[in-house]
1. Give the residue list of GluC sites (Glu not before Pro) in the range 1-72 that are DSSP loop and have at most 10 other beta-carbon atoms within 10 angstrom.
2. With θ set to phi - 60°, apply the Karplus curve 6.51 cos²θ - 1.76 cosθ + 1.60 along the range 83-96 and write out the HN-Hα couplings as whole Hz, x wherever there is a Gly or Pro.
3. Any idea which of LEU66, GLY97, LEU83 is furthest toward the positive side of the dipole for the chain, if Lys and Arg beta-carbons carry +1 and Asp and Glu beta-carbons -1?
4. Accessible area per residue of the range 1-100 at 1.4 Å probe, in Å²?
5. In vacuum, with every alpha carbon of the range 1-60 counted as one equal point scatterer, what does the Debye formula give for log10 I(q)/I(0) at q = 0.17 Å⁻¹? Two decimals, please.
6. If r is the Cβ-Cβ distance from ALA78 to VAL99 and R0 is 35 Å, what FRET efficiency results, to the nearest 0.05?
7. Between beta-carbons, use under 12 Å as the cut-off and find the net charge around LEU84, counting Lys and Arg +1, Asp and Glu -1.
8. Angle check, please: helix 15-29 long axis (alpha carbons) against the longest principal axis of the chain (alpha carbons), in degrees 0 to 90, nearest 10.
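The values are calculated or read from the model by the stated rules, or taken from the named source; none is laboratory data. Model, not experiment: these values are computed from the prediction. All Cβ positions, glycine included, derive from the backbone under ideal geometry; neighbour counts span all protein chains shown. Only protein heavy atoms, including side chains, enter the accessible area calculation; ligands, DNA and RNA are left aside. Shrake-Rupley method; radii C 1.70, N 1.55, O 1.52, S 1.80 Å.
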Amino acid sequence: MIGRLMTMTAHPGKGSELAAVLLRVADRLHGFPGCEIYLISQDAADPDTVHVTEVWQDDASAQAALAAPPRADSPDPAEVLALLSSPPHRTDLTVLGGVGLPTADGQP
C-alpha cells in the first residue's frame, strides 16, 4: 500500500470552502477500486490549512483515480486550485498498517 499526505493552504478565510470541495472529491472516491482511505481534516489551530490523508492499494489505483473521467457532481481541479494561496505540499508514504486498513487477506 502507498499513502500520501497533502497539505493545502487556502486563501485567508477560505479553509472551510476548500474542505467542502475536498469532501466532494472524497464522496466521488467512496468505493473507488483501490482507495482505502481518503480523509479530509482541517487544522484546529489554522482553519485555512487543510490536510488530505490518502491510502491506496498501490500507485496504479491512485493514478486510475486521477485519470477517471469527472462526474457531473464532482469538483473540477481548477475549483480546488483557485482556493489555494500556494501550491499543495505532498509527502509520499509507504503504508505499513494500522486501524481501519485491510490486512493482507483483505479483511479490515
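1. none
2. Taking θ as phi minus 60°, the curve returns 8, 8, 8, 7, x, x, 9, 10, 10, 8, 10, 9, 7, 9 Hz for the range 83-96.
3. LEU83
4. 59 Å²
5. Here log10 of I(q) over I(0) equals -0.56.
6. Here the calculated transfer efficiency is 0.50.
7. In short, -2.
8. 30 degrees
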